[in-house]
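Below is one structure, written out as structure tokens; the observations come after it.
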């Protein structure tokens, strides 16, 4: 859009003094934040500049059509991950979650998801027959700049979240977040290994630095499938992968396992274990808040 078209667009708009004041304040605020910054401009900067101009134009319609405001707000807070399943693109929609301003930035271990939910002020899917013993969840918060700034992403990991019919289970737990817990067990008929769970929460701060679309490479496989989960009313992805699993399992050989990816209410869940795809589907059908 060139300068003449922008000028013409503004000249055709009917604005009030209050609307003019808000726009001027927004422009002034943007100028203040640029003071002292390098003059080098990246493609991302120009993309954001165009986005900012679009937002200013949208302000005029927001006051007149509330539905437009709601739609625009939801679009700006979403991202898409594209997976390839047997050559077909499968899009999974995530959201940038607004977490509590007091969310813990400490890398630590904790006992259960309820404690984490309270700390973050979010809701997380759970599985009733899960193991959430002492320090079973590893909590990691990644900041914008090293250990400073707002939290951009939170990763929660439980390497033995679902134990199923495993026997002779024994866990060794450490308080230090950097030391991996371990588990020993005897395989059952259905569960040959535990099923691990990793939860990824992208925050609003991440929306400022990340592209809206991410293509997941090295995923396409004839062993991958998309499954419509009735319980969650959402698609989940299942695929076979050859791995020895996390270090916590003390595995010494590579084997074929099933991985499942679930996006629900914008949050990303990963499950992995030596179980059948049907067992993973049953897990998905029993997830709930």
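The values are calculated or read from the model by the stated rules, or taken from the named source; none is laboratory data. None of the values given here were measured: they were computed from a predicted structure. As a convention, Cβ positions derive from the backbone with ideal geometry for all residues, glycine included, and neighbour counts pool all protein chains shown.
Some observations on this one:
- Verdict on residue 143 being modelled with pLDDT under 95 and surrounded by 16 or more Cβ atoms within 10 Å (Cβ to Cβ): no
- Some residue of segment 261-269 being in contact with a helix residue (DSSP H, G or I) (Cβ under 8 Å, 6 or more places away or on another chain), in contact (Cβ under 8 Å) with a residue 60 or more places away in the chain and in a helix (DSSP H, G or I): no
- Filtering segment 234-260 to residues that are over 20 Å from residue 155 (Cβ atoms) and either touching a helix residue (DSSP H, G or I) at 6+ places or on another chain (Cβ under 7 Å) or without any contact (Cβ under 8 Å) to a residue 12 or more places away in the chain (or both) leaves 238, 244, 252, 253, 258.
- The requirement of being surrounded by 15 or more Cβ atoms within 10 Å (Cβ to Cβ) and in contact (Cβ under 8 Å) with a residue 60 or more places away in the chain is satisfied by residue 197.
- Residue in segment 207-215 that is over 15 Å from the mean Cα position of the chain (by Cα) and not in a loop (DSSP other than H, G, I, E, B) present: no
Residue by residue, here is whether (1) in contact (Cβ under 8 Å) with a residue 40 or more places away in the chain; (2) part of a strand (DSSP E or B); (3) touching a helix residue (DSSP H, G or I) at 6+ places or on another chain (Cβ under 9 Å) holds:
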residue: 177; (1), (2), (3): yes, no, no
residue: 180; (1), (2), (3): yes, no, yes
residue: 185; (1), (2), (3): no, yes, yes
residue: 188; (1), (2), (3): no, no, no
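- Search result, residues across segment 94-114 that are surrounded by 13 or more Cβ atoms within 10 Å (Cβ to Cβ) and either modelled with pLDDT under 90 or part of a helix (DSSP H, G or I) (or both): 113
- Unique match (being within 22 Å of residue 106 (Cα to Cα), over 21 Å from the mean Cα position of the chain (by Cα) and surrounded by fewer than 20 Cβ atoms within 10 Å (Cβ to Cβ)) among 179, 171, 186, 155: 179
- You will find that of 117, 132, the residue that is outside any strand (DSSP E or B) and in contact with a helix residue (DSSP H, G or I) (Cβ under 9 Å, 6 or more places away or on another chain) is 132 and no other.
Results for (1) out of contact with any strand residue (DSSP E or B) (no Cβ under 9 Å at 6 or more places or on another chain); (2) outside any loop (DSSP other than H, G, I, E, B); (3) modelled with pLDDT under 95, shown as yes or no for each residue.
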residue: 164; (1), (2), (3): no, no, no
residue: 168; (1), (2), (3): no, yes, no
residue: 197; (1), (2), (3): no, yes, no
residue: 219; (1), (2), (3): no, no, yes
residue: 227; (1), (2), (3): no, yes, yes
residue: 256; (1), (2), (3): no, yes, yes
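- Residue match in segment 242-252 (condition: in contact with a strand residue (DSSP E or B) (Cβ under 6 Å, 6 or more places away or on another chain), assigned to a strand (DSSP E or B), modelled with pLDDT of 85 or more and exposed (fewer than 12 other Cβ atoms within 10 Å of the Cβ)): yes
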